[in-house]
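Student: Right, I'll just put the structure down here and ask away after.
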Amino acid sequence: MAPRLRADTFTAALMLALAIYIAYEGHDLGLGRASDPGSGYIQFWTGIIMAGLSAILLVQSVLPSADKSGIGAPFADIRWGKVLYVTALLVAYTVALEYLGFIITTFILLVVLFKTVEPQGWGVSLIGSALTTGVAWLVFVYWLGQQLPSGSLLSGD
Amino acid sequence: MEVLSSLWLGFSVAMQPTNLMFCFAGVFIGTLIGVLPGIGPVAAMSLLLPITFNITPEAGIIMLAGIYYGSMYGGSTTSILVNIPGEAASVITCLDGYQMARQGRAGPALGMAAIGSFIAGTAAVVGLMFLAPTMSAFAVKFGPAEYFSLMVLGLTILVWLSQGSVIKALVMACLGVVLGLVGIDSITAAPRMTYGQLQLLDGLGLVPIVMGLFGIAEILANLEQKLDRHIFEANVKGLMPTKEDWKRSTGPIARGTVLGFLLGILPGGGAVISSFLSYALEKKLSKHPEQFGKGAIEGVAGPETANNAAAGGGFIPLLTLGIPPNVVMALLLGAFIVHGVQPGPLLMVQKPDLFWGVVASMYIGNVMLLVLNMPLIGMWVQLLKVPYKILFPMILLFCLIGAYSVSNQIFDVYLMLGFGVLGWLMKKYGYEPAPLVLAFVLGPMLENNLRKALILSRGEFGIFLERPISLVCLIAAALLLISPLLPSFAAKRKEMATEEG
């Protein structure tokens, strides 16, 4: 049975809504005159062009001759599991980075990634994580002089 | 003579120990990321861009340039030995390179790829050296109308060459332009789409966007697939091609060099398209086209030469016009600007040491690459055996560090993650990231030149049609945009379409 909402229709509608918003914001900023374009001039017209293109995509997606590659349901082909899991881990890492600092947070992230995404033994996970964290710190902080968070909890900031 | 004395100045800069070291670091990292599938030159350059903040502009640009042309060398190794392209410009090398490896001829395939790359890379630098001064002198005559129209043409070519739907690519280009406008308006100082966020006043960062769209998105896409890959245990001894190999490869190398260089100069063109076109050309010219895809050395020599020549040619529009012809050059433009240097027609006059230093470093870099890719090929083969499940956490970590290091702001890491998820979804739904990124970089320049041209002409849009260069660019862009509507052109475009960057 054909899906009720095609992926291409969904994304085209999303783009159309975004384009209208962009044009609206551009208009709000002020278009100025052709001889002295305002801050919103390019944004407005880019939004309008984008809206026109998205409308064409929308119409194309509902035509019987629509490209077969885009006819699946919007979320049908997506295997969310690992992608969502890794994304959540990365967000958690970013939140924790400022509190726990680079070394601890990175070590924990790597152990979890090694151990859970494509599970490795504890030896590989722990040694691999410690080595990677150490080398990254040496290269980026010690050698290249980058400033990575040292952690407000540990430094008492 | 003037060119030679300038080149002498360039060598005196490039041979400084620090610059030599960063040149080596660049070509080494370039070969490394070329060999490793899952991270391309764009992601690697954006990762290392913040590192260049702490060094001189010469050393920084020399290193970043080295990563780009180095990746063109390294990309062939995985194509030949694993049948997986290390980066997009080596996709076509899989066809005959892997077949040669299966026939026990991995050595000559790798050798010819490296030698062809060296010849093309060096020839491209010579071309750049002689053509750049002429182009710079010509570009001085460009006004805002010409710049605007040339940028429109560049974006149009990139859109035209993108895989799949032209309309989707145009939508991405529009989105890129708008994202490029976020922040303070340089003329009226009005904040645009900043939503009260201080971090947005300076605009969105190029590095977090590129690392998200090209680095994180690639990893997320790979996570959906089985992570193991099989490595072809090839015998890579005897790298020197035979007399017969040389006879068959001389023509493809010569044609690949010229074709790649010319396509590299064109805005929107680049290494990927030149490798595909070189393959098509060699197959057409060959007396034995049936051997293509079954281990014909011409199918390795031509494309591998063309992609290196294109990598060199791509520097011309950036260095002489200040317009990046592709995403990689857009990143290099970012690096120039970070160091307070504006590439363009005046670069050669105002910063001759930087300009000629970078050019001379490419000669040196090409020699280093020949050494790295011929005697040391065994090292890269060993590296290929490291499983992706061990590599991907490390690549993720480098992306996180890279995004944070740009301005030491957690906000940039969130931005990268957001664009990572967006890039992954875009891949799913057939929207390409390359037009978005190039438009993001060109957006502010496009806006500035449009506004300046309109102010100069007192609001008359005719200015874009009255100036010959501008008119030619706009006509070419219009023809490209309507060409997909014509069935014969549509078929040709589909044949050529490929992913840039």
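Student: List pairs: first residue in the stretch B:165-184 and at the interface with chain A (Cβ under 7 Å from one of its Cβ atoms) and more than 21 Å from B:LEU481 (Cα to Cα), second residue among the small types (Gly, Ala, Ser) and part of a helix (DSSP H, G or I) anywhere in the structure, Cβ distance under 6 angstrom, at least six positions apart or on different chains.
Tutor: B:LEU181/B:GLY443
Student: B:SER361 is checked against (1) within 21 Å of the chain's Cα centre (by Cα); (2) facing chain A (nearest Cβ under 9 Å); (3) among the hydroxyl-bearing types (Ser, Thr, Tyr) and fails just one. What number does that condition carry?
Tutor: (2)
Student: Quick one: how many residues across the stretch B:212-263 are assigned to a helix (DSSP H, G or I) and either of a type outside the set (Gly, Ala, Ser) or modelled with pLDDT of 85 or more (or both)?
Tutor: Filtering the stretch B:212-263 down to residues assigned to a helix (DSSP H, G or I) leaves B:212-223, B:243-263.
Narrowing further to those that are either of a type outside the set (Gly, Ala, Ser) or modelled with pLDDT of 85 or more (or both): B:212-214, B:216-223, B:243-263.
Matching residues across the stretch B:212-263 total 32.
Student: Being in a loop (DSSP other than H, G, I, E, B), among the β-branched types (Val, Ile, Thr) and closer than 24 Å to B:ILE265 by Cβ is the filter here, so list the residues in the stretch B:280-326 that pass it.
Tutor: The one that is in a loop (DSSP other than H, G, I, E, B), among the β-branched types (Val, Ile, Thr) and closer than 24 Å to B:ILE265 by Cβ: B:ILE323.
Student: Which of the residues belonging to the stretch A:115-134 are part of a helix (DSSP H, G or I), hydrophobic (A, V, I, L, M, F, W, C) and modelled with pLDDT under 90? Before the answer, list the steps.
Tutor: Initially, the stretch A:115-134 is screened for residues part of a helix (DSSP H, G or I), giving A:115-116, A:122-134.
From what's left, hydrophobic (A, V, I, L, M, F, W, C): A:122, A:124, A:126-127, A:130-131.
Residues satisfying the conditions are A:TRP122, A:VAL124.
Student: Would it be correct to say that B:LEU372 is away from every other protein chain (no Cβ under 11 Å), within 24 Å of B:ILE184 (Cβ to Cβ) and part of a helix (DSSP H, G or I)?
Tutor: Working: away from every other protein chain (no Cβ under 11 Å): yes; within 24 Å of B:ILE184 (Cβ to Cβ): no; part of a helix (DSSP H, G or I): yes.
In short, no.
Student: Here is a further query. Could you check B:ALA173 against (1) assigned to a helix (DSSP H, G or I); (2) modelled with pLDDT under 85 and say which number it fails?
Tutor: (2)
Student: Follow-up. Just to verify a result, which residue in the stretch B:443-468, among those that are of a type in the set (S, T, N, Q) and at the interface with chain A (Cβ under 10 Å from one of its Cβ atoms), is nearest to A:ARG33 (Cα to Cα)?
Tutor: Of all residues in the stretch B:443-468, those of a type in the set (S, T, N, Q) come to B:448-449, B:457.
If we keep only those that are at the interface with chain A (Cβ under 10 Å from one of its Cβ atoms) as well, we get B:448, B:457.
Details: B:ASN448: 15, B:SER457: 12 Å.
So, considering only residues that are of a type in the set (S, T, N, Q) and at the interface with chain A (Cβ under 10 Å from one of its Cβ atoms), the one nearest to A:ARG33 (Cα to Cα) is B:SER457.
Student: Is there a residue in the stretch B:457-465 that is surrounded by fewer than 18 Cβ atoms within 10 Å (Cβ to Cβ), part of a helix (DSSP H, G or I), at pLDDT 90 or above and among the hydrophobic types (A, V, I, L, M, F, W, C)?
Tutor: Yes, the stretch B:457-465 has at least one match.
Student: Okay, moving on. Among (1) more than 30 Å from B:ASN448 (Cα to Cα); (2) at pLDDT 90 or above; (3) of a type in the set (D, E, K, R), where does A:ARG4 come up short?
Tutor: For A:ARG4, the exception is condition (2).
Student: OK, next. Mind checking which residues of the stretch B:141-164 are more than 21 Å from the chain's Cα centre (by Cα) and modelled with pLDDT under 85?
Tutor: Selection gives B:LYS141, B:PHE142.
Student: List every residue pair whose Cβ atoms sit under 9 Å apart, with the two residues 6 or more apart in sequence or on different chains, where the first one lies in the stretch A:37-60 and is more than 8 Å from chain B (Cβ to nearest Cβ) and touching a residue at least 24 places away in the same chain (Cβ under 8 Å) and the second, anywhere, is surrounded by fewer than 22 Cβ atoms within 10 Å (Cβ to Cβ) and of a type in the set (Gly, Ala, Ser).
Tutor: Pairs that qualify, where the first residue is more than 8 Å from chain B (Cβ to nearest Cβ) and touching a residue at least 24 places away in the same chain (Cβ under 8 Å) and the partner is surrounded by fewer than 22 Cβ atoms within 10 Å (Cβ to Cβ) and of a type in the set (Gly, Ala, Ser), are A:ILE48/A:ALA23; A:ALA51/A:ALA23; A:LEU58/A:ALA13.
Student: Let me ask something additional. Would you check which residues across the stretch A:14-28 are over 21 Å from B:TYR429 (Cα atoms) and either in contact with a strand residue (DSSP E or B) (Cβ under 6 Å, 6 or more places away or on another chain) or surrounded by 21 or more Cβ atoms within 10 Å (Cβ to Cβ) (or both) and list them?
Tutor: Here is the first cut: in the stretch A:14-28, the residues over 21 Å from B:TYR429 (Cα atoms) are A:21-28.
Passing the criteria: A:ILE22, A:ALA23, A:GLY26.
Student: Kindly evaluate B:MET45 against the criterion of being aliphatic (A, V, I, L, M) and touching a Leu at 6+ places or on another chain (Cβ under 6 Å).
Tutor: So B:MET45 fits the description; yes.
Student: Still on this structure, I have one more. Need pairs with beta-carbon distance below 7 Å; first residue within 7 Å of chain A (Cβ to nearest Cβ) and assigned to a helix (DSSP H, G or I) and within the stretch B:407-423, second of a type outside the set (Gly, Ala, Ser) and surrounded by fewer than 18 Cβ atoms within 10 Å (Cβ to Cβ); sequence gap 6+ or separate chains.
Tutor: B:ILE410/A:GLU98; B:LEU417/A:VAL91
Student: Being out of contact with any strand residue (DSSP E or B) (no Cβ under 7 Å at 6 or more places or on another chain) and β-branched (Val, Ile, Thr) is the filter here; which residues of the stretch B:449-482 pass it?
Tutor: The answer is B:ILE463, B:ILE469, B:VAL472, B:ILE475, B:ILE482.
Student: Determine which single condition A:ARG33 fails, assuming it passes every other condition in (1) surrounded by fewer than 17 Cβ atoms within 10 Å (Cβ to Cβ); (2) at pLDDT 95 or above; (3) within 10 Å of chain B (Cβ to nearest Cβ).
Tutor: (2)
The values are calculated or read from the model by the stated rules, or taken from the named source; none is laboratory data. These numbers were taken from a predicted model, which means no experiment stands behind them. Cβ: placed from backbone, ideal geometry, glycine included. Neighbour counts: every protein chain shown.
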